[in-house]
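Before any comments, here is the structure.
The values are calculated or read from the model by the stated rules, or taken from the named source; none is laboratory data. Since we're looking at a predicted model, the values are computed, not measured. Glycine also receives a Cβ, built like all others from the backbone with ideal geometry; neighbour counts cover every protein chain displayed. With ligands, DNA and RNA removed, areas are computed over all heavy atoms of the protein, side chains included. Shrake-Rupley method; radii C 1.70, N 1.55, O 1.52, S 1.80 Å.
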Amino acid sequence: MSKFIQSVGQCVGLLACLAISLAAQTTSAVSGMIQDQTGAVIAGATVSARNLETNQTRKVLTDGTGRYSFPELRVGAYEIKAEQTGFKPETRTIRLTIGDNAEVNLALLTGLTSTTVEVTDATPLVNTQTQELSFLVGERAIRELPLNGRNFTDLALLQPGVVAFPQRDGGSVVAHGQGITVNGQDIRSNVYLLDGTLLNDATSGPAGSAAGTALGTESIREFRVESNAYSAEFGRNFGGQINALSKSGANELHGALYEYLRNDNLDARNFFDRQPLGKPEFKRNQFGVTLGGPIKSDRTFFFGSYEGLRERLGRTINTFVPDANARQGILPSGTVTVNAAIKPYLDLYPLPNGPSIGGGIANYYFGFRQTLDQNFASGRVDHKFNNNHQSFVRYTFDDADQLLPTDYPQFPRSFISRNQFTTLEHTWLISANTVSTSRFGFSRTRIGQDVQANLATPLP
C-alpha cells in the first residue's frame with residue numbers, strides 16, 4: 001500500500017484599509033451629487049443609505065460642492081435618501097453588487113418636506129466609474145441557470161475570454177478542480193477569493209475537491225471575474241481574479257431544500273461496455289439545505305448551508321495483459337525462459353478476455369464500481385455592534401473521498417481531499433468618509449491518494 005498526502009495551511013493576517021481601500025474586494029461604494037431643480041448644488045444636505053435587507057443605515061452630509069460618498073457598503077438593495085430643509089426629500093432604490101462604484105445623483109424639488117419623491121434605479125450596463133475589465137455573475141444567474149454538477153466556478157465560463165482547460169484524470173493529486181484560462185493565461189495564474197481571502201490550493205490551482213468540484217453554489221451570493229486592468233487590491237497572481245461573496249442572513253427567514261437525482265434507467269449501453277459485463281450502473285444524488293435569517297433583528301444574522309454528493313458509477317475498464325503463450329515465454333519472435341523470480345509477477349496479470357493485439361499482448365476488460373462521497377458545509381454570522389462597528393465570521397468545510405480504478409483490478413486507489421477556510425472581518429466607520437477594515441483569513445487544503453494492493457498471496 002502506498003500513500004501520498006499533501007497538506008498546506010495558510011494564514012493571512014490583519015489587513016487595515018481606508019476609504020477607497022483594499023476591502024473593495026468584498027464591498028461596494030456609492031457617491032454622487034445633490035442639486036436643486038435649477039442645477040445648483042446643495043451643501044449640507046443629509047444623505048442616508050439604508051440596506052433594505054438588514055435595515056442598517058448610514059448618514060453623511062454633502063460637502064461644499066454638493067457631493068457625498070458612502071465607501072464600504074455591503075452588497076444588496078439600498079434606499080438612498082436625500083433631505084434638506086425647504087425641499088421635498090427624494091429617495092432612489094438601487095442594488096449594489098460586489099465591487100460596484102455606483103454614482104447616484106439626486107435633484108431635490110422645493111416644496112413640503114412631507115412629500116417624498118421615489119425613483120427606482122436600474123443597474124447600469126456600462127461601468128463608468130472604474131477602469132477594470134470585469135464581469136459579474138449575479139444572484140439570479142447562480143439561482144436560475146441550470147448547472148450540471150453544481151460547481152459554481154463553471155459559471156465563470158460564461159464570461160468573455162474565459163475558457164475551460166482540460167486537466168488530468170480526476171485522481172491526480174496535482175490537477176483537480178475546474179481548470180480555466182482567462183485571456184489565454186496559464187490555469188495556475190488565477191486567484192480564487194471568497195470574502196476577500198484566498199481559496200487557491202497548494203498548487204496554486206482552484207481549491208477543488210477529490211470530486212473535481214467546488215461545491216457551495218447555494219452559499220455563494222455572487223462573484224465577479226476580474227480579467228484585466230484590475231486595481232491594486234487584487235494581485236498575488238497575474239491571471240484572472242475570481243472574486244466571490246458568501247451569502248449572509250437578513251431580517252427575513254429564508255432557506256431552501258433540494259435534491260437532484262441522475263441514474264442510468266434510460267441510458268443505452270456504452271459502445272465500449274462489453275456484453276458479458278452488461279450496462280454499468282450509475283446513480284448520482286446531490287442534495288442539500290440552506291437556512292438564513294435574524295438572530296436579533298437589525299443586529300445579528302446567520303446563514304448556513306450543507307450540500308452532499310453521493311455517486312455510484314459502474315465503468316468498463318479496458319487494459320492490456322500478456323496472453324497465455326507469453327506467460328510461458330512463447331513469443332512471436334521466439335521462445336524465452338521465464339525466470340522463476342519473475343513468474344509470481346506474471347501471474348498477477350489476469351488472463352485476457354478480449355481479442356489479441358499481437359506481440360504476445362491481448363485485451364482485458366473488467367468492471368469497476370467507482371464511488372464518490374462528498375460533504376460540504378458553510379456557516380456565517382454577521383453582527384452589528386453599533387452604527388460604527390460591524391463584523392462577520394465565516395467557516396467553510398469540504399471533505400471528499402473518491403474510489404477510482406487503475407489499469408488492473410487488484411490495485412484500486414482512493415483519492416481524498418479536505419479543505420477548510422475561515423474569514424473574520426471587522427469594519428470600523430471612523431468618520432462619515434473614512435472606513436477601516438481589518439480582515440483575518442485562514443485556509444488549509446489537504447490532498448491525498450491511497451493505492452491499494454488487494455493480492456490473494458503476498459509477493460516474495
Residues of the stretch 388-407 being open to solvent by 60 Å² or more (accessible area, probe 1.4 Å), in a loop (DSSP other than H, G, I, E, B) and either touching a Pro at 6+ places or on another chain (Cβ under 7 Å) or not charged (D, E, K, R) (or both), in sequence order, are ASN388
Would you confirm whether any residue within the stretch 253-268 is open to solvent by 100 Å² or more (accessible area, probe 1.4 Å), at pLDDT below 85, more than 20 Å from PHE421 (Cβ to Cβ) and not polar (S, T, N, Q)? yes
Out of everything in the stretch 184-224 that is touching a Gly at 6+ places or on another chain (Cβ under 6 Å) and part of a strand (DSSP E or B), what residue ends up being farthest from THR422 (Cα to Cα)? ARG224
I need every pair where a residue in the stretch 291-311 that is farther than 17 Å from GLN374 by Cα has its Cβ under 6 Å from the Cβ of a residue that is open to solvent by less than 20 Å² (accessible area, probe 1.4 Å) and among the acidic types (Asp, Glu), sequence separation at least 6 or different chains. PHE301/ASP382
Cβ contacts < 8 Å: first residue under 9 Å from ALA107 (Cα atoms), restricted to the stretch 37-48; second residue part of a loop (DSSP other than H, G, I, E, B) and among the aliphatic types (A, V, I, L, M), any location; separation 6+ or different chain. Result? GLN37/LEU109
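Conditions tested, residue by residue: (1) at pLDDT below 90; (2) farther than 30 Å from PRO294 by Cβ.
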site: GLY334; (1), (2): yes, yes
site: LEU348; (1), (2): yes, yes
site: SER356; (1), (2): no, yes
site: ILE361; (1), (2): no, yes
site: GLY367; (1), (2): yes, yes
site: ASP373; (1), (2): no, yes
site: GLY379; (1), (2): no, no
site: GLN390; (1), (2): no, no
LYS88 being among the basic types (Lys, Arg), surrounded by 19 or more Cβ atoms within 10 Å (Cβ to Cβ) and closer than 16 Å to ALA107 by Cα: no
Sort through SER134, SER114 and tell me the only one that's part of a strand (DSSP E or B) and at pLDDT below 85. SER134
Can you find a residue that is among the hydrophobic types (A, V, I, L, M, F, W, C), closer than 26 Å to LEU157 by Cβ and surrounded by fewer than 14 Cβ atoms within 10 Å (Cβ to Cβ) anywhere in the stretch 178-197? no
Of the conditions (1) over 29 Å from THR62 (Cβ atoms); (2) buried (at least 16 other Cβ atoms within 10 Å of the Cβ), the single one that SER436 does not satisfy is (1)
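Taking only the stretch 227-252 into account, find how many residues are in a strand (DSSP E or B) and modelled with pLDDT of 80 or more.
Residues in the stretch 227-252 being in a strand (DSSP E or B) and modelled with pLDDT of 80 or more: 7 in total.
Rundown of residues vs (1) within 18 Å of SER378 (Cα to Cα); (2) touching a helix residue (DSSP H, G or I) at 6+ places or on another chain (Cβ under 8 Å); (3) hydroxyl-bearing (Ser, Thr, Tyr); (4) at pLDDT 85 or above, yes/no style:
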residue	(1), (2), (3), (4)
VAL162	no, yes, no, yes
PHE165	no, yes, no, no
SER172	no, no, yes, no
GLN178	no, yes, no, no
ILE187	no, no, no, no
LEU194	yes, no, no, yes
ALA207	yes, no, no, no
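Could you name every one of the strands (runs of 3 or more DSSP E) located completely within the stretch 298-387 that has at least 2 residues being crowded, with 16+ Cβ neighbours inside 10 Å and in contact with a Phe, Trp or Tyr (Cβ under 7 Å, 6 or more places away or on another chain)? Walk me through it before giving the result.
Working: elements: 300-322, 356-358, 361-386.
Fully inside the stretch 298-387 and qualifying: 300-322, 361-386.
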